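Quick notes on the structure that follows.
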Amino acid sequence: MGLLDDREIDYYNSKEQKKIPKQDWMKEKLPQDYWEKVLDDVHILQWRHGCEIEKQGNEVTFSKGIDEYSYDGENFLSFDDKTSQWVAPAPAAVPTKRKWDNVPILNQYTKGYLEKECVDWLNKFREYGERELKKGSPPEVRVFAKRATGNKNNLKLTCMATGFYPKDVTLVIRKYRTSLPDNEIESTGVRPNHDGTYQLRKSVEIAENEKADYDCFVSHITLKEPIITKWDGKCSDCRESLAIGVVIGIVMTLVVVISVAAVGFYLYKKCKGQYYNITYSILTVI
């Protein structure tokens, strides 16, 4: 797939054996032969290449180049653009590394592609999609608590930010406006939504009877000022748990009552039957 600032712009469909645009401007700006290139291999060959740039004012400078190969799911070769040499993490790749490093023009071309042609493509794509990329999307923030699964006397307090783009976001759970330490926090990491935006959840386990002030502090490039959402002190499933507990208690009580009644009735019938038998025996003797 092709990614520009963490947004998918195209991908390769192995069944149709062609590239598919994910943005309208990609389809409009690029020639038809760009979408019809076919890749056909017996083994699985993965190739990842790209570049990063730094922009200061109107000046754009090359920052980093990426050119990596994986073969049948294993890292195979990667290009170090600083030394203009190939790196072989797998022993099977060493012969290929030596062969490619012995062709200086190949390494010069790779370095030139990353620093020049790749940057040109990046600037073109940014120009084509500038309007879309600059839109951005602010996060929606929720804070809620549920019964902790491990310790039933604790609650799991969760802060969720979703629907934001770009993906860089700052999310902090605070107690009395002081950030909680990272070793107490459980995080999902930033995850993609189906619509091209992102989401992030962070949680902390607290005592159920704790009356401290907790809030969620979220900062994002689309916001003029951070979002601070306070926890209302409620637990969404605690009443349900209490109701279930009461129902279970009532059911258990009924079961005990019914069991005692059944045993009593059985003993009563049994004793009554013995009385008739004894009486009949006595009458027979007389």
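The values are calculated or read from the model by the stated rules, or taken from the named source; none is laboratory data. Values in this document were obtained by computation on a predicted structure and should not be read as measured data. A quick note on method: Cβ atoms are made from the backbone with ideal geometry, for glycine too, and the neighbour counts reach across all protein chains shown.
A few remarks follow.
- Residue in segment 134-146 that is over 14 Å from the mean Cα position of the chain (by Cα), closer than 23 Å to Cys238 by Cα and acidic (Asp, Glu) present: no
- Within segment 152-201, considering residues that are among the polar types (S, T, N, Q) and assigned to a strand (DSSP E or B), the one farthest from Asp6 (Cα to Cα): Asn154
- Filter result (within 30 Å of Lys224 (Cβ to Cβ) and among the β-branched types (Val, Ile, Thr)) within segment 102-146: Val141, Val143
- Only one entry in Ile221, Ile258 is modelled with pLDDT of 60 or more and either of a type in the set (Val, Ile, Thr) or part of a loop (DSSP other than H, G, I, E, B) (or both), namely Ile221.
- Test set (1) within 22 Å of Pro192 (Cα to Cα); (2) out of contact with any helix residue (DSSP H, G or I) (no Cβ under 6 Å at 6 or more places or on another chain); (3) touching a residue at least 12 places away in the same chain (Cβ under 8 Å); (4) not aliphatic (A, V, I, L, M) - Pro21 fails condition number: (2)
- Which listed residue is assigned by TED's automatic domain parsing to the domain that holds Ala212, over 30 Å from Pro31 (Cα atoms) and modelled with pLDDT under 95, from Thr149, Thr197, Thr83: Thr149
- Any hit, segment 239-255, residues being outside any helix (DSSP H, G or I) and either assigned by TED's automatic domain parsing to the domain that holds Val172 or modelled with pLDDT of 60 or more (or both): no
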